[in-house]
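The values are calculated or read from the model by the stated rules, or taken from the named source; none is laboratory data. Because the structure is predicted, anything quoted here is derived from the model rather than measured. Note that we place each Cβ from the backbone using ideal geometry, even for glycine, and neighbour counts take in every protein chain shown.
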Amino acid sequence: MKINHKYAFIVLTLILLLCFVLNICLGSVQVSFSDVFSSLFGTIENETHQLIVTKVRLPKAITAIMVGSGLGISGLLMQTLFRNPLAGPFVLGISSGASLGVAIVILGAGIFGGFTTFLISKWSIVVAASLGSFLVLLAVMLVASKVRDTMAILIIGLMFGSITAAVVSVLSYFSSAEQLQQYIFWGFGSLDNLSWEELLIFFGIYAIGITLSIASAKSLNALLLGDNYAKSLGLSLKSSRFIIIFATSLIAGTVTAFAGPIAFIGLAIPHLTRQIFKTSNHKILLPAVFLFGAIVMLICDSIAQVPTSDYTLPINAITALVGAPVVIWLLVKQRNIMF
Amino acid sequence: MPLTKNNIVLKTQDLSIGYTAKKSITTIASNINFELEQGHLIGLVGANGIGKSTLLRTLIGLQPALSGTIQIHNNSLETTSTLDLAKQLSIVLTEPLQSKNLTVFELVSLGRHPYTNWIGNLTENDLSIVNNALQLVNITEYKTKKCYELSDGQLQKVMIARALAQDTSLIILDEPTSHLDMYHKAYIIKLLQKLTKETGKTILFSSHEIDLAIQLCDTMIVMQQDNVVCDQPCQLISNHIFESLFPEDLISFDATSGRFIVSK
């Protein structure tokens, strides 16, 4: 069985590399395999292609990998922590929190006067989204420690979604068309337009979150037994819970900040991985979810680019189109959701 | 009879258990005094709702005692850190596993959690302890099976193996025989007896199988409405403790056979 897992990891890594290169090749302008390689590892005569690859496609492909793997892993953390197969960053209101933060920054600029306008940089959006998601998760955790009922927690997550929507609609009422458009476009999700500096910051925060997740693998496995058993194994419930939530909000918050609220990946990927790897052992699940998330996101992005056409579909539409059927299929086909 | 105090694994003094809500205190049992010796199998019996689970939950630190002290190896339970406690006390609960999507081996090796490094890698020593635990409980043959493929009886054995892998001097089990058929009830308690003899561990379990407990336990703790008695089974019988355990309209205790008999 261990050997099977090893093969699966090798195959998945190869698929990931293939998707990565294909993702760079495909788009409104087709770049050949050889051009991709030569622009990555040297220079080529076709300068346009080199620019396309190094300034646009490569950052986008790296973003896709971080977004897909990050959302998958934060979904996995939430599902294990809340012991609810339907949990995920989106369901529990992390993305709603991020949206609220971003809405306040983009739309609030109209209300709070011109002085905030200069703040609408990528950074203020990132900070707002991260803060928003962290605060919402803290609120959910606070209530979670009181109610102990996972269904109640999910409903609370939905309530936060409603509150967010309400605040956003109040804000939009007072906002200009231009600001509204900016917010709506952010809501579509986008893997484009990240500069290398932005990518570096993204990677920094993402790496901290992923490291914390890996460090939580042991406690996540103990949590599979339930809180009481986990405690009897010497696990500090409070601190491990906090670390897991902190990692999730770092990852989901930054992903949402840089790429917008991308739906379904966080929920669907962990399930897909559990079905394929047939285990709940986080030492296997974490790397597997990482690979699956990255692969699916690269594929979704390639589809969203509509190769050979000038259109780019909203990435959020594509992930939902891929993710929703997976969730429906799981609920219909699986009598017991493996968990 | 002189008692050597060195081999006392668990000791309670004037322990009082129950629940505290915002203002009211519900005392379930009080004045609980007992000492558990090393290598003993101890059965905790009493009628439904008498507070067996509450007592066990208090002993394993899942809920605070109302008053009195609990000492494990002469250290107060309250001041022992979660991690230190995990190396002295392991548990098997009645609550279902959150995830059964683990292999038997993976689940049993979770017992090594307090000893492994930050990522939870098993050393050679850990592996041999896990394999030994699997062997002691006789489940080596299905160590690669998933927990959801197991019957209740098999799963109970896996949970006992997990507790063994935790390598603690004291194991506490809450109703390990519930949901099991007559054969497996006897099998599990007999297994616990074997483990105390072979490993020198102290095992405390609650059960409704009073007949079996009388036959197999070294010591029994009997919880009644007004008092909690801890003694050897034969002493408890000659002191007529079991007679008053249940209302006598339906079943009565037969001291000669050590069994309860239904009134006809």
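Before moving on, here are some points about what is shown:
- Within segment A:49-88, considering residues that are of a type in the set (Ser, Thr, Tyr) and touching a residue at least 40 places away in the same chain (Cβ under 8 Å), the one farthest from A:Ser145 (Cα to Cα): A:Thr63
- Check on A:Ser213, within 14 Å of another protein chain (Cβ to nearest Cβ), touching a residue at least 12 places away in the same chain (Cβ under 8 Å) and under 30 Å from B:Gln63 (Cβ atoms): no
- For segment B:82-114, the candidate set comprises residues that are of a type in the set (Gly, Ala, Ser) and part of a helix (DSSP H, G or I); within that set, the residue that is nearest to the other protein chains (Cβ to nearest Cβ) is B:Ala86.
- Exactly one residue out of A:Ile265, A:Ile205 is more than 14 Å from chain B (Cβ to nearest Cβ) and over 29 Å from A:Trp329 (Cα atoms), and it is A:Ile205.
- When we screen A:Leu200, A:Leu142 for residues that are under 21 Å from the mean Cα position of the chain (by Cα), part of a helix (DSSP H, G or I) and surrounded by fewer than 18 Cβ atoms within 10 Å (Cβ to Cβ), the only hit is A:Leu200.
- Scan of segment B:115-129 for residues that are at the interface with another protein chain (Cβ under 10 Å from one of its Cβ atoms) and hydroxyl-bearing (Ser, Thr, Tyr), ordered by number: B:Tyr115, B:Thr116
- All of B:Thr4, B:Thr54, B:Thr79, B:Thr26 fail the test of being β-branched (Val, Ile, Thr), modelled with pLDDT of 90 or more and within 28 Å of B:Pro233 (Cβ to Cβ), apart from B:Thr54.
Yes/no per residue for (1) closer than 15 Å to B:Thr219 by Cα; (2) over 18 Å from the mean Cα position of the chain (by Cα):
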| site | (1), (2) |
| --- | --- |
| B:Lys11 | yes, no |
| B:Thr27 | no, yes |
| B:Leu41 | yes, no |
| B:Leu44 | yes, no |
| B:Ser53 | no, no |
| B:Leu56 | no, no |
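- Here B:Ser109 meets the list (1) over 15 Å from A:Leu225 (Cα atoms); (2) buried (at least 24 other Cβ atoms within 10 Å of the Cβ) almost entirely, failing just condition (1).
- A:Val56 part of a helix (DSSP H, G or I), surrounded by fewer than 19 Cβ atoms within 10 Å (Cβ to Cβ), at pLDDT 85 or above and out of contact with any strand residue (DSSP E or B) (no Cβ under 8 Å at 6 or more places or on another chain): yes
- For segment B:41-63, filtering for residues that are over 16 Å from B:Pro176 (Cα atoms) and either without any contact (Cβ under 8 Å) to a residue 12 or more places away in the chain or outside any loop (DSSP other than H, G, I, E, B) (or both) leaves 4.
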